[in-house]
Every structure is written in structure tokens, then in C-alpha cells.
Amino acid sequence: MKPGDAVEVSRRYGAEDLQRFAVLAGAVEGAETVPEPLIGALFSYLLGVRLPGPGTNYLKQELRFLASAPLDTELTARVEITRLRPEKHLVDLRTTCRLPDGTLICDGRALVLARDVG
């Protein structure tokens, strides 16, 4: 791992996904946009599976939602390493999510504890 390393995942959420979310979270059905927790879940997936990967523990997450995410639109979430602190096993990352036209819908930071830093 090094600063600048990044991974992305793209996902499209539809009405059926929102129905399942409503059952699990007690949310109101019939929303026309993707709920923010589902966008946040994309970052959790990337951090826990791809970069840094298995064994990663979340310490902090800050997300700013700048625009709504329409249903049935591909969202691309990205995490990028901004800083490594090997002596403490810490990784700082920038988190972003965009619409296909490049519109930034979510911007944030994550701090994770990872096994193999530096």
C-alpha cells in the first residue's frame, strides 16, 4: 500500500433494493433516491474487501452528501489512500461517490486500522 493507491466499485440500486432496505432498517418505502446508508455501504465494502482489505477495522468515517443519488443510476464509489502511518497501523483515505456524468454526490474521509501498512 502507498499513498495514491485507489479502488472503485460501481453499483446500481433499484426499487427492489430499497424495499429490502426498508424491511431491514425500518425505512419508509417508496423513496425516489438511494438512501445515504446504502452509499456508505459501498465504502465499507471497498475498505473491507479491496483496499486495505480483510482484517481492516473502521476507526472513523466522515461523509458529506452533496447531491441525491437517483434510483437505477450507476454510482461509482472510490477510496484512495492519502496517508499511511505504519508505526500505528493506520491508513487515511479519501472517499468519493459519483454519478455517471461525474457529479460528486458524496465526499469524505476514512481512518482505518490495517494489518500490513507500509
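The values are calculated or read from the model by the stated rules, or taken from the named source; none is laboratory data. Only a predicted model underlies this, so the values are computations on that prediction, with no experimental measurement involved. Methodologically, a virtual Cβ is constructed for each residue, glycine included, from the backbone with ideal geometry; neighbour enumeration extends over all protein chains shown.
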Seminar exercise, completed: With criteria (1) touching a residue at least 24 places away in the same chain (Cβ under 8 Å); (2) of a type outside the set (A, V, I, L, M, F, W, C); (3) closer than 20 Å to PRO37 by Cα, ARG98 comes up short on (1)
Problem set entry | Among the residues listed as PHE65, PHE43, the single one being touching a residue at least 12 places away in the same chain (Cβ under 8 Å), among the aromatic types (Phe, Trp, Tyr) and buried (at least 19 other Cβ atoms within 10 Å of the Cβ) | PHE43
Exercise. Only one of (1) in a loop (DSSP other than H, G, I, E, B); (2) more than 22 Å from TYR13 (Cα to Cα); (3) touching a residue at least 40 places away in the same chain (Cβ under 8 Å) fails for ASP72. Which number is that?
Worked result: (2)
For this session: Please state which one of VAL117, VAL91, VAL79 is in a loop (DSSP other than H, G, I, E, B) and buried (at least 16 other Cβ atoms within 10 Å of the Cβ).
Result: VAL117
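With the requirement that a residue be small (Gly, Ala, Ser), part of a loop (DSSP other than H, G, I, E, B) and touching a residue at least 12 places away in the same chain (Cβ under 8 Å), what does the range 101-114 give you?
Within the range 101-114, ALA114 is the sole residue that qualifies.
Yes or no, residue by residue, for (1) closer than 14 Å to VAL91 by Cα; (2) at pLDDT below 95:
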| position | (1), (2) |
| --- | --- |
| ALA6 | yes, no |
| ARG11 | no, no |
| PHE21 | no, yes |
| VAL34 | no, yes |
| GLY53 | yes, yes |
| THR56 | yes, yes |
| ALA67 | no, no |
| GLU74 | no, no |
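Quick check on this structure: which one of ALA25, ALA6 is small (Gly, Ala, Ser), more than 13 Å from the chain's Cα centre (by Cα) and over 18 Å from PRO100 (Cβ atoms)? Reasoning before the result, please.
Numbers: ALA6 fails: more than 13 Å from the chain's Cα centre (by Cα).
So the residue among ALA25, ALA6 that is small (Gly, Ala, Ser), more than 13 Å from the chain's Cα centre (by Cα) and over 18 Å from PRO100 (Cβ atoms) is ALA25.
Every residue, every condition in (1) small (Gly, Ala, Ser); (2) assigned to a strand (DSSP E or B), yes or no:
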| residue | (1), (2) |
| --- | --- |
| VAL7 | no, yes |
| ASP17 | no, no |
| LEU24 | no, no |
| PRO37 | no, no |
| TYR45 | no, no |
| GLY48 | yes, no |
